[in-house]
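Right, one structure below, let's go through it.
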Amino acid sequence: MDRGTGAIRRWAAVALAALTASGLLAIAVPGQAQAAPADSCAGRKIRTFTFSTGSVRLYKDGGWLCAMTFPRSSGGGKRTMMVSLQARGFDAVVDKGKYSHHAGPVRTYAGVRKVWIKGQVGRGSYESTGWKRY
């Protein structure tokens, strides 16, 4: 009976070690695998809202929404740009400053909540006409 008990204990120790190793890999690897570059949005583009001086692009990845504002023309150096994304019931996530290529990305978890979107390039701007679900 001692041999059977010892074999079971060894098997349990090996199984526990393998499970621990796989758990550590699962924790360490997804952060690297899912990390998106700081200058882009993950997911698929679902809408583009155009206005006189640029556009706001909206992306969706599961329940996450991400938005970026782009100028209509690429020349002209740095100019004031802004993008804002707000899930209803939460604070807006805003990126505003002087940029040459784009403002954002800004990202928020919307789930099934409605959102409010804003974008600005120079004097032109876009703002949602109300709370919308995407």
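In table form, for the structure just shown:
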| item | result |
| --- | --- |
| Any hit, region 71-79, residues being surrounded by 13 or more Cβ atoms within 10 Å (Cβ to Cβ) and either without any contact (Cβ under 8 Å) to a residue 24 or more places away in the chain or part of a loop (DSSP other than H, G, I, E, B) (or both) | yes |
| In region 70-96, residue modelled with the lowest pLDDT [restricted to those that are farther than 9 Å from Lys118 by Cβ and of a type in the set (S, T, N, Q)] | Ser74 |
| Residue under evaluation Leu65, criteria (1) part of a loop (DSSP other than H, G, I, E, B); (2) open to solvent by less than 20 Å² (accessible area, probe 1.4 Å); (3) not hydroxyl-bearing (Ser, Thr, Tyr), criterion not met | (1) |
| Lone unmet requirement of (1) open to solvent by less than 80 Å² (accessible area, probe 1.4 Å); (2) over 21 Å from Gly97 (Cα atoms); (3) at pLDDT 95 or above; (4) of a type outside the set (Phe, Trp, Tyr) for Arg44 | (1) |
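The values are calculated or read from the model by the stated rules, or taken from the named source; none is laboratory data. All values derive from a computational prediction rather than experimental measurement. Because the Cβ atoms are built from the backbone with ideal geometry, glycine has one as well, and the counts that use them run over all protein chains shown. Side chains included, ligands, DNA and RNA excluded: accessible areas come from the protein's heavy atoms. Shrake-Rupley method; radii C 1.70, N 1.55, O 1.52, S 1.80 Å.
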